[in-house]
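A short worksheet on the structure shown next.
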């Protein structure tokens, strides 16, 4: 039995378990057992310390296991009921995902943060929501139940942004403390690396493919980092003021940035060259993102561009790192990732740009205050934006019209995200709350 346990636990985890047991024995007054166990495990020099991370760890883990077991039983029961309802025909899902839109009122209010919420992000594989806040923490939630899971601490100033990698194995955060932190999700969200290099507040972070991280900063630069080593391998300069946001195209070949200098820029991720400088906003640009290929049909219709004959979309091939042909069909340049950029600004508008010509294609007008964030619906037919006017607006991408306005919070709404795992939208607010909206 001893050899089996030895095989199950890596050496580092085995040592941590031993120290947790020793701490538990100390707190319970089992002095004789503690002395024997310390000698047998080679921990004779162990001294219990209330400030040590092993202090009270065993009771915490034990209660967590009980709580998780209870949750598993509840989920198994819920799954059995849902399967029975599906078999009986009691549940009817909408035939198309474009019918899945957030409906008021909010299903759940998450209220653990103590300062304004700066970013919300759903895990790409599991029903998990991560939220960042000016309270210097990142919090993780069960997106389906709304249950609070854990807090990630380490940053010493406001956490400005966070991003999961495509596989959901790594979480990266950035902060006004000038650093980025890399958290290993598989290793209990342990912070495995801290990246230093920026000279001012780090405003935004995203993944560039599977092995690179990109950050934007108030020091007017964009930096590309190697995930495996934490080394900064490239610094992009060109913006005249604070770079508020950075996002990568689906094929990881392009970057787009938003800045206080009222411009949106497109960059070649490989060379670091600025390919386009797009101007038209009349105030600080809060955010810019490439439109997904799935939205191209609607965006071309909106911009009055001729439709493109359907072919195999090259985005999947690009994401998988292949080139040339996809399934024997040459990639269609008209469906290449990164052709359109959407931006949102403090001039109360969202704007659609042609990233290759720099032409402004459409201006979305409707919000009554700064537009803080937006997200494209997975169907490619709808966009959801949030604003300091306290609303969430749903836009029809084919017509450019606001199809619905939802009163979202009692204060400025700062961020929004759409889950690709379950039909949920999350919004965060200056009022410190996160709202979960069910889509149906």
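Brief remarks follow.
- On the stretch given as the stretch 170-199, residues that are loosely packed, with under 14 Cβ neighbours inside 10 Å and assigned to a loop (DSSP other than H, G, I, E, B) total 4.
- Those residues of the stretch 205-227 which are in a strand (DSSP E or B) and over 18 Å from residue 184 (Cβ atoms), in sequence order: 206, 208, 214, 215, 216, 217, 221, 222, 223, 224
- Filter pass, residue 255 being touching a residue at least 40 places away in the same chain (Cβ under 8 Å) and either in a loop (DSSP other than H, G, I, E, B) or within 21 Å of the chain's Cα centre (by Cα) (or both): yes
- Single residue of 429, 379, 387 found to be surrounded by 22 or more Cβ atoms within 10 Å (Cβ to Cβ), within 26 Å of residue 125 (Cα to Cα) and under 20 Å from the mean Cα position of the chain (by Cα): 429
- Residue 81 being closer than 20 Å to residue 21 by Cα and out of contact with any strand residue (DSSP E or B) (no Cβ under 6 Å at 6 or more places or on another chain): no
- Out of 58, 75, sole residue that is closer than 17 Å to residue 127 by Cβ, part of a helix (DSSP H, G or I) and either at pLDDT 80 or above or outside the structural domain of residue 138 (by TED's automatic domain parsing) (or both): 75
- Annotation note: of 395, 437, the sole residue that is in contact with a strand residue (DSSP E or B) (Cβ under 8 Å, 6 or more places away or on another chain) and within 20 Å of residue 146 (Cα to Cα) is 437.
- Among the criteria (1) in contact with a strand residue (DSSP E or B) (Cβ under 6 Å, 6 or more places away or on another chain); (2) at pLDDT 95 or above, the one residue 311 does not fulfil is (2).
- Being in contact with a strand residue (DSSP E or B) (Cβ under 6 Å, 6 or more places away or on another chain) and in a loop (DSSP other than H, G, I, E, B) holds for only one residue in 230, 270, and it is 230.
- Candidate set: the stretch 233-252, residues that are in a loop (DSSP other than H, G, I, E, B) and under 19 Å from the mean Cα position of the chain (by Cα); chosen: the one surrounded by the fewest Cβ atoms within 10 Å (Cβ to Cβ): 250
Yes/no per residue for (1) within 30 Å of residue 433 (Cβ to Cβ); (2) modelled with pLDDT of 80 or more; (3) assigned by TED's automatic domain parsing to the domain that holds residue 431:
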{"residue": "47", "(1), (2), (3)": "no, yes, no"}
{"residue": "82", "(1), (2), (3)": "yes, no, no"}
{"residue": "101", "(1), (2), (3)": "yes, yes, yes"}
{"residue": "125", "(1), (2), (3)": "yes, yes, yes"}
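- Index of the failed condition, residue 276 passing every other in (1) within 15 Å of residue 340 (Cβ to Cβ); (2) part of a strand (DSSP E or B); (3) under 22 Å from the mean Cα position of the chain (by Cα): (3)
- Of all residues in the stretch 388-410, those that are within 18 Å of residue 344 (Cβ to Cβ) and not in a strand (DSSP E or B) total 8.
The values are calculated or read from the model by the stated rules, or taken from the named source; none is laboratory data. All of these numbers come straight from a predicted model, not from anything done at the bench. Methodologically, a virtual Cβ is constructed for each residue, glycine included, from the backbone with ideal geometry; neighbour enumeration extends over all protein chains shown.
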